Amino acid sequence: MRKQLGFIGKVSAAILLGSLMSMSTLSAKTLKLAYDADPVTLDIHEQLSGGILQLAHMSFDPLVRWTKDFKFEPRLAESWERVNDTTVRFKLRKGVKFHSGNPLTPADFKWTFDRLKQSPDFKGIFSNFTDLNIVDDNTIELVTDGPYPLVMHTATYIFPMDSKFYTGKDESGKDKSVIVKNGASFASTHLSGTGPFKVTSREQGVKVVFERFKDYWDKDSKGNVDKIIMTPIKDNQTRVAALLSGDVDFIAPVAPNEFGQVESNDKVNLVTMPGTRIITFQMNQERRKEFKDPKVRQAIVNAINNPGIVKKIMRGFATAAGQMSPKGYLGYNEALVPRFDLAKAKKLMSESGYPDGFSVTMMAPNNRYVNDEKIAQAVAAMLSKINIKVDLKTMPKAQYWPEFDKRAADIMMIGWHSDTEDSANFYEFLAMTPNKETGKGAYNSGNYSNKFVDETTMKANKETDPKKRAAMLQAVEKQMYDDAAFVPLHWQNLAWAARKGVNIEPVVNALNFPYLGDLVIE
Amino acid sequence: MLQFLFKRLLQAAIVMLIISLLSFSIKDKLGDPLREMTGMSVSTAEREMLRKKMGLNDPFLVQYGRFVKKALHGDLGTSYFHKLPTMTVILKKLPATLELTFAATLIIIFTSIPLGVMAAIKPNHWFSKLIMAFSIIGISIPVFVTALALIYVFSVKLGWMPSFGRGETVHLFGYWDTNFLSKDGIMHIIMPAIALSSIMVPLFIRLVRAEMLEELSSEYVKFARAKGLSRTKVYFKHALKNTMLPVITVGGVQIGIMVAYTILTESVFQWPGMGFMFLEAVNRSDIPLIVAYIMFVGFLFVLVNTLVDLLYGIINPTVNLLGKGQ
Amino acid sequence: MSLLRIDHLNIEFPNRYGTKLAVNDVSLSIEPGEILGLVGESGAGKSTIGNGIVQLLSQPGRVSGGDVYLNGELISDFDDEAIRKVRGSRIGFIFQDPMTSLNPLFTVEDQLIETIQNCLGLSAEKAKQRAIELLEKVGIADPEIRIKQYPHQFSGGMRQRVVIAIALAGEPELIIADEPTTALDVSVQDQILQLIKDLCINMNVGCMLVTHDMGVIANVTDRVAVLYRGRLVEIGSTKQVLTAPKHEYTKSLISAVPIVSKRLDRFPLVEYIEAEEKGLKHIDVSTHWIGQIKKHNTTGDLLTIKYLNLSFITRDAFFKKNRRSIQATKNVTFTIKEGESFGLVGESGSGKSTIARMVAGLQQPDSGSIIFDGTELINNPDRDAVAEAHLQIQMIFQNPYSSLNSRMKINDIIAEPILFHGLAKKSDVSGIVGDLLDHVGLGRKTGLKYPHEFSGGQRQRISIARALACRPRLLICDEPTSALDVSVQAQILNLLKDLQDELGLTMLFISHDLPVIRQMCDRIAIMKKGEVLELAENKEFFEHPQNPYTRELLELMPRFEQYGQ
């Protein structure tokens, strides 16, 4: 027995030594990055999702990109000007090369634009765009079908792809440019962009390795990361543990439950920022006649203590909302604040003839939004105070969306992030009268319908003067606020954490794609 | 022998057919894959068109018929997420899971057998009582709690162990990258293997102890002692080998169950194996992969049972699977 | 100086209620070359003495007093290691069941050689040489080949030979044989006993032969010691003890042993052992519910069996020609008359139990016919008639331990068939059950207990009561007493005889025990390898056997009455 113990001692000593050695050989210029998921494809037009946009910003460049304070920053476009109501002209940066070595030309923009118009996920965003015209070797124009205020917003989605690289037939004789959703394609497994990082190896769901592109055009960038190893770590606790144990340098997202652990550790930094994703409940007026009465809806909004939810459940990791548009968006109306008032809620219920309340069904996902299940439970409890009995059902998102599509409950949870970073997008999807043909109101499970909201939103989408447009959008917010069109809860915050020395603070933004090309590691 | 294998093969085929039918019949309850494949703002019409193109709107029997027809040609569908044939994906993830299971099995063998035997031959010793107390507690601690506790103590607090992933692997052949040939790989596999074995070790300790106690009260053990053999020889030669027979039978089934437990362990440790892949597939409504995985696990169960029976036949001379002699 | 001397040996088993003295002040001795028989019923402490000598008592038993000397050396004081060296090397052991005393996972070679090396310290090669010699000595043919085989490849008798070879491997001075032939067939039993006897004489080894079988005692022992409840009640030369027992217990015991030479009406009751049937109410069967059996189409023949065939597949194969099977019964044909007691004898594997199972409907024959009271039981489309017939055929099994549901009370066990078949009014059932329990000698109060609270004999009485609850006409008794002690056996056999007289039961009595058959049956059929070799009246069968196999069996049977009574 003693002999065995000696052996175990030796082994554990060897293990200890080994781990010390592996720690000392860490290269300073390698960033080990852990997200909750890795990009599902290398084809940036295949799916419109945060993961893919993150990849686009790492390996491609857009015409322009958002700054932290929601301004546009020139990237492949050096400058731009509005030529007329329907045309914006972009001056392109010179001397930009793709990873393949091909030079970037206006033809690549044209090719990319045409491909975007084909993509099931992106064509919606580009539906107002008719053409991308090549003016000369350094100039292109984006043409819309009418006056359109969101040309620059949309330009953040134009990441030119290497048209020569993506043209022709692959080994199996398929067109290299084709977008395939349910299977492999050339573009989903090969990549050539102009961005700061090349993809050098990738194993789906395990890791992606990026290396800095030697010929990257942005020599002014202070970014000094040579290599990025991106690993998906699904489990929140494991992801934090990986950071705290030094196995990775940078993680996102950080769940509110883990904040304490991260903040109390002096080797790592936590960076949080208000996000733009709104979490709401919708009250189905078609299923429940009670919800047709604005007073009942008002009562429900008044009954829900959303600042309390932010404080207790989200641990401060959210901003309580009274409207859809977050601060910084054109539609943000400062006057529309959260309005928890239980006494008023009870009064409204009495006035509308439901002093004894009624029973409703409620559904919410349990793995889609931060603490979604707990929030739903809290809301159900709060509604019981005004005698509304809630039959709550929560389920994984995979099962939730089909239920949502069926409008299967009286009250349903929905969170929304505006793809265009513009208020109108919220209204189009969540608040306009549902219409199968135009596709408006696709996520308006409450069937809220207001002519003013519908018309003003559409008008705002043709108004190119930002001031006038802001007034319109804010008026829409006001209308919905007065109608209690939906239950606003909060905007989720964003959180990242990195070991000290990895300066993530300057490169992260509310859009949740850190500009890793500019990341500096000390 | 050939007949035995042929029977098992047939059994596997039937098992897989039934599993495929069952999993196919519930697949619509597993969520809408189109939701996972498209962004939120994609229109319903657009989604519907894709659905049609993928044949997801066809009647159940048409879809199942198509699946079986393809399956007979060795094609179990293409994963939506991985965009590769499901079998390719599974085989790619298989080595990681098998290595993890193997490592856990080693831990189980080298802890539960000595401890179980100890508890059986010295039932009143304080250490035996400690073992039994531990086994009762251990059996009731969920795997993921053990896993998180290990990570917290050994990775976060002490910094001795890597917290996730497979680490550095050495390529063997085909898809097979092994953890066992590099120090980093071994370091990475230790904690997941301990976590995975944590629920099985107490179970096996109790099993080994119970079987050993039974063997110790048997006539041949008494006879062996009456022959004047030393206790060591009686315990470790005569009783232990007989103890192993039921342990192997139960163990085979348990190892199959362990493959299921890898789902938890792998997701906590971000171990890139089949279990984690399956969990992700469920999260993403990757139905072809879910169906293929369940079928594959069914096959694995039959395979493990077959191997166990063969092993049993080798150890136990009274079982004649090989059909020789008589 | 005696080879083995035991002085005032006490062995006790402490339990939570106190201490049970299993062996109480026993003194005896064995000389070299002598076989001492140790006889007694279960619980008498005879095996405990054997185990106590070499300190192999099962927990928590311990020797609490007395001395054991081996060749003058006090071995009861030896520590673990010292006594271990005595085991095998100086005292060899033979256990009852050769099926379980060999480790099934090791070859005979392995198990022999480890013993030889352990006791004699020979080299592997020499040990093997010696192992082969030993196997030869105990009468195993082709020892070079057979030594490589596993225990399951040997028959029961051959296995016991191997066990004996192992017991001899350490060249012991004394052999303790604990019921060495109880699990064996008569013909094999004789060979093994002869072997032990020869070895003792030739090698001048002493032997303590522990057995419950008076026949064995009569056949091979030189002296015999009788144990009763831990005490030695009598010791003396075999002839003296068997012919002129001094102690009352010995007398009762001897009177309870069935003999072959003549048929008795009843077994003399073993009065010393148990004052059974303490004034329990005997019911008048002629008026009681039990006696009211539906009148039947009596033809004289109650059961007729014709050309009954059944084979078991021993090796399955896809192709028919590769399959192997054994013929369990081959064209078996006989008739049982109403009210008679029909005996079926044969060694294990002869097919007698298979026939019982087929008659009871537990097994379907491949071909042939079974006619009960005019009803064909095989492939009869009239299922109700068959079910009705099967209800009148009840079976009592050998093992009273496993044939009763341990989770049910006795009352419920017995009431079950009455209620299930609706044989009596619900309100009458508990009375009937009580009467039955009284009648089989248990008393109605016992009905509230569970099977585990009863001894083997009592459980067999419960089985009988349960069988009677169906008001059977044919009672199949499959080795009903072979797991029981002699005295209990006598009681059960008496009970069966009484019941038969009172109820006019017909019995199919199956046993390997010829003396029991002699006492119980009117006509007897002898079976071997699935075939009936001879069928004769009791007297004819035992006094003028025709078939050579019958003659052989009768000759080999240990005859207790060789000393005359």
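The values are calculated or read from the model by the stated rules, or taken from the named source; none is laboratory data. All figures in this text were calculated on a predicted structure; none of them were measured in a lab. Heads up, the Cβs are rebuilt from the backbone with ideal geometry, glycines too, and the neighbour counts pull from every protein chain shown.
Determine whether segment C:175-188 contains at least one residue that is part of a loop (DSSP other than H, G, I, E, B) and free of Cβ contacts under 8 Å to residues at least 24 places away in the same chain.
So far as segment C:175-188 goes, no, none of its residues is part of a loop (DSSP other than H, G, I, E, B) and free of Cβ contacts under 8 Å to residues at least 24 places away in the same chain.
Can you confirm whether segment B:238-250 contains a residue that is of a type in the set (Gly, Ala, Ser), within 14 Å of another protein chain (Cβ to nearest Cβ) and closer than 25 Å to residue B:76 by Cα? Let's see the steps before the verdict.
Of all residues in segment B:238-250, those of a type in the set (Gly, Ala, Ser) come to B:239.
Keeping just the survivors that are within 14 Å of another protein chain (Cβ to nearest Cβ) gives B:239.
Filter once more, so that each one left must be closer than 25 Å to residue B:76 by Cα: none.
Scanning segment B:238-250, I find no residue that is of a type in the set (Gly, Ala, Ser), within 14 Å of another protein chain (Cβ to nearest Cβ) and closer than 25 Å to residue B:76 by Cα, so the answer is no.
Search segment A:182-194 for residues being out of contact with any Phe, Trp or Tyr (no Cβ under 8 Å at 6 or more places or on another chain) and touching a residue at least 12 places away in the same chain (Cβ under 8 Å), and hand back the single one that is nearest to the other protein chains (Cβ to nearest Cβ).
Ranking the qualifying residues of segment A:182-194, first place goes to A:188.
Name the residues in segment C:379-421 that are under 27 Å from the mean Cα position of the chain (by Cα) and of a type in the set (Phe, Trp, Tyr), would you?
Once the filter is applied, which keeps residues that are under 27 Å from the mean Cα position of the chain (by Cα) and of a type in the set (Phe, Trp, Tyr), segment C:379-421 yields C:397, C:401.
Collect the residues in segment C:41-56 that are of a type outside the set (Gly, Ala, Ser) and over 20 Å from residue C:257 (Cα atoms), keeping them in residue-number order.
Initially, segment C:41-56 is screened for residues of a type outside the set (Gly, Ala, Ser), giving C:41, C:46, C:48-49, C:51, C:53-56.
Matches in segment C:41-56: C:48, C:49, C:51, C:53, C:54, C:55, C:56.
Could you figure out which of (1) closer than 19 Å to residue B:267 by Cα; (2) of a type outside the set (Ser, Thr, Tyr); (3) part of a loop (DSSP other than H, G, I, E, B); (4) within 11 Å of chain B (Cβ to nearest Cβ) isn't true of residue A:246?
(1)
Checking the condition touching a residue at least 12 places away in the same chain (Cβ under 8 Å), more than 14 Å from every other protein chain (Cβ to nearest Cβ) and acidic (Asp, Glu), which residue from A:121, A:162, A:175 passes? Walk me through it before giving the result.
Values: A:121 fails: more than 14 Å from every other protein chain (Cβ to nearest Cβ); A:175 fails: touching a residue at least 12 places away in the same chain (Cβ under 8 Å).
Answer to the selection: A:162.
Count, please, the residues in segment A:202-226 that happen to be of a type in the set (Gly, Ala, Ser) and either exposed (fewer than 14 other Cβ atoms within 10 Å of the Cβ) or touching a Cys at 6+ places or on another chain (Cβ under 6 Å) (or both).
0
Residues that are touching a residue at least 60 places away in the same chain (Cβ under 8 Å) and within 13 Å of another protein chain (Cβ to nearest Cβ): does segment C:60-72 have at least one?
Looking through segment C:60-72, none of the residues is touching a residue at least 60 places away in the same chain (Cβ under 8 Å) and within 13 Å of another protein chain (Cβ to nearest Cβ).
Within segment A:203-229, track down each residue that is modelled with pLDDT of 90 or more and in a strand (DSSP E or B).
Passing the criteria: A:208, A:209, A:210, A:211, A:212, A:227, A:228, A:229.
Return yes or no: is residue A:143 outside any loop (DSSP other than H, G, I, E, B) and either of a type outside the set (Lys, Arg) or not assigned by TED's automatic domain parsing to the domain that holds residue A:115 (or both)? So that I can check it myself, show each step before the final result.
On the way: outside any loop (DSSP other than H, G, I, E, B): yes; either of a type outside the set (Lys, Arg) or not assigned by TED's automatic domain parsing to the domain that holds residue A:115 (or both): yes.
It is true that residue A:143 is outside any loop (DSSP other than H, G, I, E, B) and either of a type outside the set (Lys, Arg) or not assigned by TED's automatic domain parsing to the domain that holds residue A:115 (or both).
So, in segment C:497-541, how many residues would count as being within 18 Å of the chain's Cα centre (by Cα) and closer than 22 Å to residue C:329 by Cβ?
To start, the set of residues in segment C:497-541 that are within 18 Å of the chain's Cα centre (by Cα) comprises C:509-520.
Now narrow it down to the ones that are closer than 22 Å to residue C:329 by Cβ: C:509-514, C:517.
So the answer is 7.
Let's see how each residue does on (1) within 9 Å of chain A (Cβ to nearest Cβ); (2) of a type in the set (Gly, Ala, Ser); (3) farther than 27 Å from residue A:203 by Cβ:
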residue: B:134; (1), (2), (3): no, no, yes
residue: B:137; (1), (2), (3): no, no, yes
residue: B:143; (1), (2), (3): no, no, no
residue: B:167; (1), (2), (3): yes, yes, no
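Determine if segment A:480-502 includes at least one residue that is among the β-branched types (Val, Ile, Thr) and under 23 Å from residue A:71 (Cα atoms).
no
Being over 23 Å from the mean Cα position of the chain (by Cα) and either assigned to a loop (DSSP other than H, G, I, E, B) or of a type in the set (A, V, I, L, M, F, W, C) (or both) is the filter here, so list the residues in segment C:197-241 that pass it.
C:199, C:200, C:201, C:203, C:204, C:205, C:222, C:232, C:233, C:235, C:241
Do the conditions hold for residue C:29, that is, is it closer than 21 Å to residue C:200 by Cα and free of Cβ contacts under 8 Å to residues at least 40 places away in the same chain?
Criteria met by residue C:29.
Working carefully through the options C:259, C:273, C:254, find the one that is modelled with pLDDT under 75, among the hydrophobic types (A, V, I, L, M, F, W, C), surrounded by 14 or more Cβ atoms within 10 Å (Cβ to Cβ) and farther than 15 Å from residue C:495 by Cβ.
Testing whether each residue is modelled with pLDDT under 75, among the hydrophobic types (A, V, I, L, M, F, W, C), surrounded by 14 or more Cβ atoms within 10 Å (Cβ to Cβ) and farther than 15 Å from residue C:495 by Cβ leaves just C:273.
Output the number of the condition that residue C:119 fails; it satisfies all remaining conditions of (1) in contact with a Ser or Thr (Cβ under 7 Å, 6 or more places away or on another chain); (2) not in a helix (DSSP H, G or I); (3) not acidic (Asp, Glu).
The one condition residue C:119 does not meet is (2).
Suppose we filter A:404, A:452 for residues that are touching a Phe, Trp or Tyr at 6+ places or on another chain (Cβ under 9 Å) and either aliphatic (A, V, I, L, M) or not in a loop (DSSP other than H, G, I, E, B) (or both); which single one remains? Give the steps one after another, and end with the answer.
On the way: A:452 fails: touching a Phe, Trp or Tyr at 6+ places or on another chain (Cβ under 9 Å).
Being touching a Phe, Trp or Tyr at 6+ places or on another chain (Cβ under 9 Å) and either aliphatic (A, V, I, L, M) or not in a loop (DSSP other than H, G, I, E, B) (or both) holds for just one of A:404, A:452, which is A:404.
Conditions: (1) in a loop (DSSP other than H, G, I, E, B); (2) surrounded by fewer than 23 Cβ atoms within 10 Å (Cβ to Cβ). Residue C:44 meets all but one. Number of the miss?
(2)
Filter segment B:37-84 down to the residues that are touching a helix residue (DSSP H, G or I) at 6+ places or on another chain (Cβ under 8 Å), more than 14 Å from chain A (Cβ to nearest Cβ) and among the β-branched types (Val, Ile, Thr) and list them by number.
Result: B:68, single match.
Go through segment B:208-223 and give me each residue that's more than 7 Å from every other protein chain (Cβ to nearest Cβ) and either farther than 20 Å from residue C:151 by Cα or without any contact (Cβ under 8 Å) to a residue 40 or more places away in the chain (or both). Don't jump to the end; show me each part of the working.
Step one: list which residues in segment B:208-223 are more than 7 Å from every other protein chain (Cβ to nearest Cβ), which gives B:208-217, B:221.
Within segment B:208-223, B:208, B:209, B:210, B:211, B:212, B:213, B:214, B:215, B:217, B:221 meet the criteria.
Within segment C:461-565, which helices (runs of 4 or more DSSP H) (wholly inside it) include 3 or more residues that are without any contact (Cβ under 8 Å) to a residue 24 or more places away in the chain and surrounded by fewer than 22 Cβ atoms within 10 Å (Cβ to Cβ)?
Because the criterion is at least 3 residues that are without any contact (Cβ under 8 Å) to a residue 24 or more places away in the chain and surrounded by fewer than 22 Cβ atoms within 10 Å (Cβ to Cβ), the helices (runs of 4 or more DSSP H) in segment C:461-565 that meet it are C:548-556.
Give segment A:195-234 a look and list any residue that's more than 14 Å from chain B (Cβ to nearest Cβ) and charged (D, E, K, R), or say none. Walk me through it before giving the result.
At the first step, the residues of segment A:195-234 found to be more than 14 Å from chain B (Cβ to nearest Cβ) are A:195-200, A:210-228.
Across segment A:195-234, the qualifying residues are A:198, A:211, A:212, A:214, A:215, A:218, A:219, A:220, A:222, A:226, A:227.
Does at least one position in segment A:115-132 carry a residue that is of a type in the set (Ser, Thr, Tyr), within 27 Å of the chain's Cα centre (by Cα) and in a loop (DSSP other than H, G, I, E, B)? Explain how you work it out, then say what you get.
As a first pass, look at segment A:115-132 and keep what is of a type in the set (Ser, Thr, Tyr): A:119, A:127, A:130.
Cutting the leftovers down to within 27 Å of the chain's Cα centre (by Cα) gives us A:119, A:127, A:130.
From the residues that got through so far, the ones that are in a loop (DSSP other than H, G, I, E, B) too are A:119, A:127.
The answer is yes, given that some residue of segment A:115-132 is of a type in the set (Ser, Thr, Tyr), within 27 Å of the chain's Cα centre (by Cα) and in a loop (DSSP other than H, G, I, E, B).
Residue B:118: over 28 Å from the mean Cα position of the chain (by Cα) and surrounded by 13 or more Cβ atoms within 10 Å (Cβ to Cβ), yes or no?
no
Could you list, in sequence order, all residues of segment C:88-118 that are facing another protein chain (nearest Cβ under 8 Å), free of Cβ contacts under 8 Å to residues at least 40 places away in the same chain and under 31 Å from the mean Cα position of the chain (by Cα)?
Answer for segment C:88-118, where residues must be facing another protein chain (nearest Cβ under 8 Å), free of Cβ contacts under 8 Å to residues at least 40 places away in the same chain and under 31 Å from the mean Cα position of the chain (by Cα): just C:100.
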